[in-house]
Amino acid sequence: MGVWVIFRSEASRGYTLSAPATAYVGFLVAAPLLILIAYSFWTQTYVTLDKTPTLKNYSDAFADPLVRHLMLRSIWIAGAVTAVTVALAYPIAYFIAMKARKKTIWLLLITIPFWSSYLLRVFAWKLILGFNGVMNSALLMLGLIDEPLDFLLYNEFAVVLTLAHAWAPFAILPIYVSLQKIDPSLLEAATDLGNSPFQRFMRVTLPLTIPGIIAACLIIFIPTVGDYVTPALVGGSDGKMIANLIQVQFGAANNWPLGATLSLIAMLSVGFVAIVFVITATRLGRRIR
Amino acid sequence: MRRPSTLTAYAFLYLVFLYLPVLFLPLFSFNSGTIVAFPIKGWTLDWYRKLGEQDTLIQALWNSLGVGTVVALLSTAMGLFAARAFVRYRFRGQRAAEGLVMLPLVIPGIIVASSMLVLFLFIGLKPSLLTVVLGHTFLALPFSVSILKSAFDDFDASLEEASYDLGVGVFDTFRRVTLPVVSPGIVASLLVTFTVSFDEFVLAFFLSGNQPTLPVYIWSQIRFPAKLPNVLALGSILLLSSVLLLVLAEYFRRRSSASGVQ
């Protein structure tokens with residue numbers, strides 16, 4: 001038992017026990033990032049890697065209108081997905097937190113579809129929105145339309161709809177948690193002071209849930225910018241995003257240094273937008289209050 | 001009282017929006033026609049019967065089951081220690097450590113996938129099931145840590161102290177006092193992390209080399225319209241098994257909370 005003497009203090013026990021997990025995650029975040037940065041300064045012709053440091057990949061990436069276009073579109077689509085998902089989810093979170101009798105059942109019902117394979121859920125939307133797909137055939141059969149609608153699949157709309165569906169629980173849960181935390185006496189006070197239910201919502205409930213809304217937005221926005229499956233399956237050529245271009249560099253185009261550069265640019269852009277968003281949203285939240 | 005009723009109606013509509021798309025997969029997997037559209041031609045179980053005849057599919061299934069099992073064990077073991085450290089002990093940098101472990105949840109998939117591919121090839125690991133295991137363990141860790149943290153949250157620390165006071169050693173106390181109480185949490189974590197790995201596509205797509213997991217196999221089939229009914233049947237089985245595993249996990253998670261109260 002002598003070995004255990006070193007583990008006596010609380011702190012050292014904490015460090016020892018959490019070390020495997022933090023070291024593992026830390027290593028797999030830091031090491032790939034460092035190598036990615038190194039690669040972004042190298043160049044590759046066919047299979048030979050030239051390790052002379054150069055900024056060529058960055059100047060190529062910034063000069064390429066396709067890169068700029070896809071990056072901006074990824075951020076725009078991710079922003080639209082975030083806004084739509086949060087707007088659709090807020091009333092549900094509100095319903096579960098404030099009105100529903102069986103909260104745990106509702107929370108379970110909301111999370112179950114999320115646990116099914118993401119790939120299959122996106123695939124399901126491809127089948128639904130297709131030209132000869134489920135939606136068009138159903139509408140034709142019901143006689144609501146005379147010919148199939150061709151604007152459903154392979155565009156930005158399809159990407160936003162599919163992702164708003166995929167991310168639903170990620171928006172509902174953080175908002176639900178922040179609604180749960182609201183002290184009921186605050187709501188009573190607002191009513192006693194003569195606020196209508198709408199005023200009460202705008203002045204008390206909404207400002208108090210801003211942290212939940214910010215969390216929901218970040219959890220959705222960040223992964224969406226780098227989403228690969230949805231644009232590839234339902235985006236068509238009008239809905240392609242930056243992840244699709246990155247995948248091409250690591251696959252068919254076989255230009256890893258450029259792929260690494262694009263990954264880094266994507267990461268920095270996401271980080272920048274996220275920080276600007278958090279600062280603006282926090283300020284806005286204070287002003288409402 | 002009109003406001004609650006519109007809200008309730010909206011809630012039910014939202015549930016339809018959540019569930020309907022997913023339910024089309026099983027519905028059309030029984031369709032005897034090969035086109036996924038209404039009206040349904042007739043009902044058949046043929047597509048399910050044909051699944052068993054495909055060797056590459058069976059191989060991909062074994063790959064996924066193997067990867068999922070190892071990932072579940074690795075991430076739950078690491079998560080168990082970390083969760084205990086985060087709940088029981090206070091130490092400097094604890095919040096940073098907890099944040100770090102949650103990081104895999106918010107990094108875009110394509111960046112995790114591409115950077116890991118570059119790392120593994122850099123240190124001489126060829127893409128294979130091993131690299132998929134390493135990547136999936138990274139992704140599954142936040143899930144196991146958060147599940148096990150709530151299991152330890154509900155655990156009364158005085159039980160352990162009583163055991164120490166009675167002269168029981170560190171290992172025996174962990175085995176005989178701590179483990180039985182948090183074991184439902186451990187089972188829940190094993191089930192959830194297995195499912196995370198079993199359903200994951202992008203990382204496996206980059207890291208699996210020529211040993212496809214089931215989602216990678218499905219991806220390769222999606223492009224061929226003739227293979228569609230197969231994908232539907234396979235997809236429906238996967239949906240059902242994921243949901244069953246997670247309902248089971250939820251049951252164990254609840255039990256872990258309940259036993260902590262006693």
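Taken together, the values in this text are just the output of simple stated rules run on the coordinates, not laboratory data. Just so you know, these numbers come straight off a predicted model, no measurement behind them. So basically every Cβ, Gly included, is an ideal-geometry build from the backbone, and we count neighbours across all protein chains shown.
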Exercise. What residue among B:Phe138, B:Val71, B:Leu203 has its Cα farthest toward the positive end of the dipole of chain B, where the charges are +1 on Lys, Arg and -1 on Asp, Glu, each on the Cβ?
Worked result: B:Leu203
Exercise. On average, how many beta carbons from a partner chain sit within 10 Å of the beta carbon of a residue in A:30-39?
Worked result: 5
For this session: With a point put 7 Å past each Cα toward its Cβ, work out how far B:Leu105 is from A:Ala281 in nm, to one decimal.
Result: 1.4 nm
Seminar exercise, completed: Under the Karplus relation with 6.51, -1.76 and 1.60 and θ = phi - 60°, whole-Hz ³J(HN,Hα) for the stretch B:109-119, x at Gly and Pro, equal x, 5, 6, 4, 5, 5, 5, 5, 4, 4, 4
Exercise. In the Gaussian network model of chain A, springs joining C-alpha atoms below 10 Å, which of A:Leu108, A:Leu264, A:Leu233 carries the largest mean-square fluctuation?
Worked result: A:Leu108
Problem set entry | Extreme residue, positive dipole direction of the stretch A:56-288, given options A:Ala138, A:Leu127, A:Phe201 (C-beta unit charges) | A:Phe201
Seminar exercise, completed: From the Cα centre of the stretch A:189-207 to that of the stretch B:135-183, the distance in Å is 44 Å
Exercise. Under a GNM of chain B (C-alpha, springs under 10 Å), which listed residue has the highest mean-square fluctuation: B:Leu148, B:Leu57, B:Leu125?
Worked result: B:Leu125
For this session: Would you check chain A for Lys pairs whose C-alpha atoms are within less than 19 Å, ignoring same-chain pairs closer than 8 in sequence, and give me the count?
Result: 4
Exercise. Which residues in the stretch A:238-268 have a backbone N closer than 14 Å to a point placed 7 Å from the Cα of A:Thr54 along the Cα-to-Cβ line?
Worked result: A:256-258
Seminar exercise, completed: In whole Hz, the Karplus estimates of ³J(HN,Hα) for the stretch A:67-72 (6.51, -1.76, 1.60; θ = phi - 60°; x where Gly or Pro) are 4, 4, 4, 5, 5, 4
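For a quick protection proxy, order the peptides B:6-18, A:153-165 by their average other-Cβ count within 10 Å, most packed first.
On the way: B:6-18: 14.2, A:153-165: 22.5.
Per-residue mean Cβ counts within 10 Å order the peptides as A:153-165, B:6-18.
Among A:Ser116, A:Ser18, A:Ser137, rank each residue by its count of other Cβ atoms within 10 Å, from fewest to most, as a rough exposure measure.
Arranged by neighbour count, lowest to highest, A:Ser116, A:Ser18, A:Ser137 become A:Ser137, A:Ser116, A:Ser18.
In peptide A:216-229, what is the residue-averaged number of other protein chain Cβ atoms found within 10 Å of each Cβ? Please list the in-between numbers first.
Working: counts 0, 0, 1, 2, 1, 2, 5, 8, 1, 3, 9, 4, 9, 7.
Counting Cβ atoms of other protein chains within 10 Å of each residue's Cβ and averaging gives 4.
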For this session: Evaluate 2.2 N^0.38 Å with N set to the residue count of the stretch A:56-288, then give the Cα radius of gyration divided by it.
Result: 1.20
For this session: Quantify how strongly other chains surround peptide B:6-14 by giving the mean number of their Cβ atoms within 10 Å of each of its Cβ atoms.
Result: 4
Exercise. B:Tyr10 to A:Ser9: FRET efficiency via 1/(1 + (r/R0)^6), r the Cβ-Cβ distance, R0 35 Å, to the nearest 0.05?
Worked result: 0.05
Exercise. Quick one: Karplus J couplings for the stretch B:33-43, per residue in order, coefficients 6.51, -1.76, 1.60, θ = phi - 60°, nearest Hz, x for Gly and Pro?
Worked result: x, 9, 9, 7, 7, 7, x, 6, 5, x, 9
Seminar exercise, completed: By the mean-Cβ-within-10 Å protection proxy, highest first, A:179-188, A:67-76 rank as A:67-76, A:179-188
For this session: Please find, in a Gaussian network model of chain B (springs between Cα atoms separated by less than 10 Å), the residue of B:Phe205, B:Phe171, B:Phe28 whose mean-square fluctuation is greatest.
Result: B:Phe171
Seminar exercise, completed: Residues whose modelled amide H sits under 5 Å from the amide H of A:Gln44, counting only those 5 or more places away in sequence or on another chain, are A:Asp50
For this session: Tell me what the protein assembly as shown gives for mean residue ellipticity at 222 nm when only DSSP H runs of n ≥ 4 count, each as -39,500 (n - 2.57), the sum divided by the residue total, rounded to 500 deg cm²/dmol.
Result: -23500 deg cm²/dmol
For this session: Output the direction-averaged projected area (hull surface divided by four) of the convex hull of the alpha-carbon atoms of chain B, in nm².
Result: 20.4 nm²
For this session: Quote the FRET efficiency, to the nearest 0.05, computed for A:Ala63 versus B:Ala162 with a Förster distance R0 of 41 Å and r equal to the Cβ-Cβ distance.
Result: 0.05
Exercise. R0 = 25 Å: FRET efficiency of B:Leu240 with B:Gln59, Cβ-based, nearest 0.05?
Worked result: 0.70
